Amino acid sequence: MKEKTIYEHLREKGLSRRDFMKLCGTIAGMMGLEFVPPVKALGKTLGPSPEEVVAQALKTKPKVPIIWLEFQDCAGCSEAISRSSSPLLSNLVLNDIAIEYHETLMAAAGFQAEKAKEECMKKYFGKYVLVVEGSPTLADDGIYCTVAGKSNLDLLKEAAAGAAAVIATGNCACFGGIPAAHPNPTRAVGVADLIKDKPVVNIPGCPAIPEVTTGTILHFLILGQLPETDQLKRPLPFYGHTVHDHCLRRPFYEAGKFAGSFDDEGARKGYCLYRLGCKGPTTYNACAGLKWERGLSYPVQSGHPCLGCSEPHFWDGGGFYQGQSAPIVRLDKSSTATLVGVGVAAGAALAGLNAVKKSRAKKDLKKDQSQAAGSDPGSKKEG
């Protein structure tokens, strides 16, 4: 029996054509998809618009099955995604995706839960998306994290074999996170360190922003591939800018106004938190744009410095509240080359200036010695 498409599910629930197209436009915008602008010629538009591309995908594709595994974690990413607002998790589960296995969210447990996972892996082999939350552990063949009598390494290998794509959500799954902090007794690592034969995308954060996870799943659903990523396998639509780039406190940063403590006048006025340890200038994430709790706020807005939780080894990266006296300047290659050239030129000029000063100093010294000798009566020759 042919599976119903997402659009068919939506129509059965009474969604009108107009509302469907509004939904497609919202999804396209939320995902930050970049399409080639439609070309207009002779009064006609050639090529689909962003919402039409999304609509075509939802009309022709069934729900994407999801297998969600949890390893060394606190379940914070699951808690976060259960509060996703764009789109709501309830809409995602009912209309866009089918979570076939999730230890925390599924109703089944024990043997029933494991059977559901096995049936999904068999039925949708090569089609399902594997989401991993928590870090795999290598110590002693993975015995420090076991589910249903199987080590996390065996579970990951088994589920990844039939996955169309793998999404690591949360810093633990991406880079090892807190379990990998020194001294890392369980030898925690990131999923991408183990899975090399499947496309893997990292959604780091502690926890990961839920809309980034759902947006990445939707990207795969609609376009059939994971989004473009940076060198750390993070999707560029969400990790293309630093927290600092769009921070509402940035004007104070540019003006050189920084809070000196959490309760001083600068903090009460909303000054920049850089000197209180904020890692925003070096942390890539969508916090300042998407925010949390349906766009309500994010740490820096609420008065807390960014901890850099979407970066590797953030837990061992120094004190969270360690003051920083000088602002960080991020440079691209061209800027670096320019400053290097300026530095070399400045160094040469300084060396030349020092040479001139030394030469003048020597002349002045000889002059002083000569004058001193001429004023000494004992140094004059007798006639």
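The values are calculated or read from the model by the stated rules, or taken from the named source; none is laboratory data. Note that the structure is predicted; figures quoted are calculated from it, not measured. Cβ coordinates were reconstructed from backbone atoms using ideal geometry, including for glycine residues, and neighbour counts include every protein chain displayed.
Just to be sure, is PRO50 modelled with pLDDT under 75, surrounded by 13 or more Cβ atoms within 10 Å (Cβ to Cβ) and either touching a Gly at 6+ places or on another chain (Cβ under 9 Å) or not assigned by TED's automatic domain parsing to the domain that holds LYS127 (or both)?
no
One line per residue, one yes/no per condition, for (1) acidic (Asp, Glu); (2) assigned to a helix (DSSP H, G or I); (3) touching a Gly at 6+ places or on another chain (Cβ under 7 Å):
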| site | (1), (2), (3) |
| --- | --- |
| ASP140 | yes, yes, no |
| LEU153 | no, yes, yes |
| LEU156 | no, yes, no |
| ALA168 | no, no, yes |
| PRO183 | no, no, no |
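Give segment 70-82 a look and list any residue that's part of a strand (DSSP E or B) and closer than 7 Å to GLU133 by Cβ, or say none.
Matches in segment 70-82: GLU70 only.
For segment 232-255, indicate whether the set of residues that are exposed (fewer than 14 other Cβ atoms within 10 Å of the Cβ) and in contact (Cβ under 8 Å) with a residue 24 or more places away in the chain is non-empty.
The answer is yes; a qualifying residue exists.
I'm trying to understand the selection: among the residues of segment 286-306, which are surrounded by fewer than 16 Cβ atoms within 10 Å (Cβ to Cβ) and either in a helix (DSSP H, G or I) or free of Cβ contacts under 8 Å to residues at least 24 places away in the same chain (or both)?
Hits for segment 286-306 are LEU296, SER297, SER302.
Would you check which residues across segment 16-38 are out of contact with any Ser or Thr (no Cβ under 6 Å at 6 or more places or on another chain), assigned to a loop (DSSP other than H, G, I, E, B) and either crowded, with 18+ Cβ neighbours inside 10 Å or at pLDDT below 80 (or both) and list them?
Across segment 16-38, the qualifying residues are GLY32, LEU33, GLU34, PHE35, VAL36, PRO37.
Quick check on my filter: what residues within segment 243-285 are over 16 Å from CYS309 (Cα atoms), out of contact with any helix residue (DSSP H, G or I) (no Cβ under 9 Å at 6 or more places or on another chain) and in a loop (DSSP other than H, G, I, E, B)?
Within segment 243-285, ALA255, GLY256, ASP263, ASP264 qualify.
Of the residues ASP230, ASP197, only one is closer than 25 Å to PRO299 by Cα, among the charged types (D, E, K, R) and either touching a Leu at 6+ places or on another chain (Cβ under 9 Å) or not assigned by TED's automatic domain parsing to the domain that holds TRP292 (or both); which?
ASP230
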